[in-house]
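Below is one structure, written out as structure tokens, with a few remarks after it.
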Amino acid sequence: METTGGFTSVQLLEHEAASAFEHLDVTEALQIGKRGVDLARMRDYPVTIVIELDGAEVFRETVSGDGAEHSGWIARKSNVVNLTRHSTMYERVKAEEDESDWHADHGVVDETHAIHGGGFPLLTTAGDFRGVLLISGLPQVEDHLFAVEVLQG
């Protein structure tokens, strides 16, 4: 079963670069969250959307589905992005390309760090890491693609 969407690590880094913001503050972060919720409602996506900015959660909404179940995934995806400052899908694909054990390489376990799509770094065009957009509730490739769409929308 395909779990990486056929992406290469280079393509996923391009997603990150194309999703960078010239300026990012709480107001813009809330607009991103609202855009994600609006799209999810239009499509009846059973997702939870979370935005962390400068280490603090500034947005969380469950559109439909089991928000409690999503919370565990969100925390684990957040841990990955905060550790590496790359998307969770990038980390998964890069580990597969390198034929490496991502968790062992980073000294963490799957129970706390999930390299499953849906965790995405919030970056500025200057290269600063500002936070994380987290999507949970869809299959992992769709979580990733939805995050990219929300950020580039």
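The values are calculated or read from the model by the stated rules, or taken from the named source; none is laboratory data. This structure is a prediction, so every number in the text was calculated from the model and none was measured. In this analysis, Cβ positions are derived from the backbone assuming ideal geometry, glycine residues included, and neighbour counts consider all displayed protein chains.
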Looking only at the stretch 34-63, and only at residues there that are touching a residue at least 24 places away in the same chain (Cβ under 8 Å) and in a loop (DSSP other than H, G, I, E, B), the one that is surrounded by the most Cβ atoms within 10 Å (Cβ to Cβ): VAL47
field: Residue list for the stretch 107-129, restricted to those being within 18 Å of LEU53 (Cβ to Cβ) and within 11 Å of the chain's Cα centre (by Cα)
entry: GLY118, GLY119, PHE120, PRO121, LEU122
field: Hey, HIS116 crowded, with 16+ Cβ neighbours inside 10 Å and more than 17 Å from GLN11 (Cβ to Cβ) or not
entry: yes
Single match in ALA104, ALA56 (criterion: within 16 Å of the chain's Cα centre (by Cα), modelled with pLDDT of 95 or more and not aromatic (Phe, Trp, Tyr)): ALA56
message: When you check GLU96 against the structure, is it at pLDDT 95 or above, of a type outside the set (S, T, N, Q) and either more than 17 Å from the chain's Cα centre (by Cα) or within 18 Å of ARG130 (Cα to Cα) (or both), yes or no?
response: no
task: Tell me which residues, restricted to the stretch 122-148, are surrounded by fewer than 24 Cβ atoms within 10 Å (Cβ to Cβ), out of contact with any Leu (no Cβ under 7 Å at 6 or more places or on another chain) and either in a helix (DSSP H, G or I) or not β-branched (Val, Ile, Thr) (or both).
output: LEU123, ALA126, GLY127, ASP128, LEU138, PRO139, GLN140, VAL141, GLU142, LEU145, VAL148
query: Among the residues of the stretch 109-123, is any at pLDDT 95 or above and of a type in the set (Ser, Thr, Tyr)?
result: yes
query: Can you tell me which residues in the stretch 18-33 are without any contact (Cβ under 8 Å) to a residue 40 or more places away in the chain and aliphatic (A, V, I, L, M)?
result: VAL26, LEU30
Meets criteria (in contact with a strand residue (DSSP E or B) (Cβ under 9 Å, 6 or more places away or on another chain), outside any loop (DSSP other than H, G, I, E, B) and either at pLDDT 95 or above or over 14 Å from ALA147 (Cα atoms) (or both)) for ALA29: yes
- request: May I ask you to verify whether GLU97 is surrounded by fewer than 20 Cβ atoms within 10 Å (Cβ to Cβ), outside any loop (DSSP other than H, G, I, E, B) and in contact (Cβ under 8 Å) with a residue 60 or more places away in the chain?
  value: yes
